[in-house]
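A quick write-up on the structure given underneath.
The values are calculated or read from the model by the stated rules, or taken from the named source; none is laboratory data. Quick caveat, the model's predicted, so the values are computed rather than measured. A quick note on method: Cβ atoms are made from the backbone with ideal geometry, for glycine too, and the neighbour counts reach across all protein chains shown.
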Amino acid sequence: MNLENHVALVTGAGRGIGKTIALHLAKAGVDIIFTNRNKKFSDQTQAEIEAIGRQCLAFQVDVADADAVNEMVKMALDDFKKIDILVNNAGITQDNLFLRMKQEEWNKVLDVNLSGIFNVTKAVIKGMIRQRYGRIVNITSIVGFTGNPGQVNYSTSKAGISGFTKSLARELANRNITCNSVAPGFIETDMTSEMTKEQISAVLAQIPLGKMGSTDDVANAVSFLVSDQANYITGTTLHVNGGMYC
Ligand code: NDP
């Protein structure tokens, strides 16, 4: 895959799935702008991207903070002049049974996972419209389709991403901008590292391919959707879950 001369903004690329997506794109020739919260993680990601030979700008920006996002995109455009690819990956969980779920837990997860996507997309979209080209991929989740006990906030935020993706795809298609989602199942990252052995066994029993996914599995799907091979695909969700849900 050759995406040379492209520029991508990947949110939440300090570690986990976002970091692997950024590295895959960098290997395909893409210069990378990314956000996360913790400089310790971003320094490492930035060094790995630069070691591939690509330019990289890293920002400690909370995607839920619209003003900070606008400022970041302005600064990034001053340097890189354009953003061709947007991967809305940043996401958090704050799990609790619904009866115990606090208003703050609901608000925080919706603010980051759903309003974050609104904020970042809004900040980059004018440039994509002007250049008549853009590739947007939103990272949702299997639980946005199946639901999950203890994750009413998280699964609601992820289900919302489907509506966002489909509507935006219809609005922007005539500007040669595609908008798709990738829905990972259970992927080995820090987010899933706190699962107990019992929880992991229960999940594995539901996965036809019999194993958790890797961050590379998700990044491969994203790389496909932003490539020319996917030029005629928009408004869809690519499920990456070992057959757990289709
Ligand atoms: P991780 O927790 O491993 O990494 C999340 C990344 O997002 C980190 O770099 C983190 O920053 C960054 N981040 C979190 N909140 C914000 C914020 N408000 N603003 C900017 N950056 C932020 O998560 P995963 O890699 O596992 O998950 C990535 C995406 O994939 C999420 O949207 C998640 O919901 C989704 N997903 C994951 C699955 C899994 O099994 N792991 C399954 C289905 C979906 P920092 O580095 O500073 O902590």
Odd one out for residue 135, checked against (1) out of contact with any helix residue (DSSP H, G or I) (no Cβ under 6 Å at 6 or more places or on another chain); (2) of a type in the set (D, E, K, R); (3) under 24 Å from residue 23 (Cβ atoms):
(1)
Restricting the search to segment 236-246, which residues are surrounded by fewer than 17 Cβ atoms within 10 Å (Cβ to Cβ) and touching a helix residue (DSSP H, G or I) at 6+ places or on another chain (Cβ under 6 Å)?
245
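Output the residues belonging to segment 177-206 that are within 30 Å of residue 84 (Cβ to Cβ) and surrounded by fewer than 18 Cβ atoms within 10 Å (Cβ to Cβ).
188, 190, 191
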Tell me, yes or no, whether segment 206-214 has at least one residue that is more than 19 Å from residue 21 (Cα to Cα), polar (S, T, N, Q) and in a helix (DSSP H, G or I).
no
Tell me, which residue of segment 207-226 that is surrounded by 15 or more Cβ atoms within 10 Å (Cβ to Cβ) and more than 13 Å from the ligand (Cβ to nearest atom) is farthest from residue 142 (Cα to Cα)?
226
Filtering segment 138-196 for residues that are touching a Leu at 6+ places or on another chain (Cβ under 6 Å) and within 27 Å of residue 100 (Cβ to Cβ) leaves a count of 3
So residue 83, is it assigned to a loop (DSSP other than H, G, I, E, B) and either free of Cβ contacts under 8 Å to residues at least 60 places away in the same chain or touching a strand residue (DSSP E or B) at 6+ places or on another chain (Cβ under 7 Å) (or both)
yes
Output yes when any residue across segment 123-132 is within 16 Å of the ligand (Cβ to nearest atom), within 20 Å of the chain's Cα centre (by Cα) and modelled with pLDDT of 95 or more, and no when none is.
yes
Just for segment 183-205: of the residues that are touching a helix residue (DSSP H, G or I) at 6+ places or on another chain (Cβ under 9 Å) and among the polar types (S, T, N, Q), which one is farthest from residue 148 (Cα to Cα)?
189
